[in-house]
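A short worksheet on the structure shown next.
What follows draws every value from the coordinates through simple rules; no lab data is involved. Keep in mind that this is a model prediction, so the values were computed, not measured. Counting neighbours? That spans all protein chains shown, and the Cβs are built from the backbone with ideal geometry, glycine included.
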Amino acid sequence: MSTTITASMVNDLRKATGAGLMKCKQALVEANGNVEEASTILRKQGEASAAKKAERDAKEGVIESYIHLGGKVGVLIEVNCETDFVARNDDFKAFVKDICLHIAAAAPTAVNREEVDQELVEKEREIAAAQAEGKPPMAVQKIVEGKLEKFYAQSVLLDQPFVKNPDQTIREYISATIQKTGENIQIRRFTRYQLGA
């Protein structure tokens, strides 16, 4: 028995995900009317689409700044896209502002895992291994891996849960924005300033 897909269901899913109307309808049909499942289907499609677009050059974009109330925290960021048309788009500008706000609030130290200082990673690995001392070797390995994942989730921008929507990582937010704009988007670099730090 199939569920009837209404126009309002399609429109609600479109508003929630930013995907096109036809893609929303197809996802709802595939999910037999289950909105959560359809949203998951669209997110998977968006990530696959974003992965394909990641190989394209992103040389346009914006440099944005954000100063938190009171002037105690500031962020300067470069976010790239493929065309200046998208760089001037309101959705793209809102995305960049959201990322600035997130960086001010969550204080990541690097954009991706490759940029994290390897000495710091090794230090975290040693601390985790010392804390798990006396446990079986396989348990120690799992504990160390788990603590490193937690470390990355706290310090790597792309791995952090988005402050405005903790159910979504920054990587997933980028994928959703790529799906909306149709262009590759890359956070090239950022600097976070904090008074007295």
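Could I have the simple spin-label model distance between PHE85 and ASN112, label points 7 Å from Cα toward Cβ, reported in nm to one decimal?
About 2.7 nm, to one decimal.
What length, rounded to one decimal in nm, is gained on full extension from ALA153 through to LEU21, with 0.36 nm per residue of separation minus their alpha-carbon distance?
Roughly 44.2 nm would be gained on extension.
Express in nm, to one decimal, how much length is gained between GLU37 and THR4 on full extension, taking 0.36 nm for each residue of separation and deducting their alpha carbon distance.
10.3 nm
Considering only LEU120, GLY196, GLY71, whose Cα is most displaced toward the positive end of the charge dipole of the chain, charges sitting on Cβ of Lys, Arg (+1) and Asp, Glu (-1)?
Result: GLY71.
Where Rh is the Kirkwood radius over the Cα pairs of the range 115-161, the temperature 10 °C and the viscosity 1.306 mPa s, what D in µm²/s does Stokes-Einstein return?
Rounded to a whole number, D works out at 143 µm²/s.
Would you grab the residues whose amide H sits under 5 Å from the one on THR169? Only those 5+ places off in sequence or on another chain, please, with H modelled 1.01 Å from N.
Those lying under 5 Å, H to H, from THR169 are PHE162.
With no solvent and one equal point scatterer placed on each C-alpha of the range 39-197, evaluate the Debye formula and give log10 I(q)/I(0) for q = 0.13, 0.14 Å⁻¹, two decimals.
Each listed q maps to, in turn, -0.69, -0.78.
Run the numbers for ASP12 and LEU195: contour at 0.36 nm per residue of separation, minus the present Cα-Cα distance, in nm.
So the extension gain works out to 61.6 nm.
Starting from 0 in steps of 10 Å, tell me what percent of the Cα-Cα pairs of the range 72-142 lands in each bin.
Spelled out per bin, shortest first, that is 16, 28, 25, 16, 12, 3.
Between LYS123 and SER65, take the C-beta separation as r, use R0 = 35 Å, and let me know the FRET efficiency to the nearest 0.05.
According to the calculation, E is roughly 0.65.
State, as an integer percentage, the relative contact order of the chain based on alpha-carbon contacts under 8 Å between residues 6 or more apart.
Relative contact order for the chain comes out at 26 percent.
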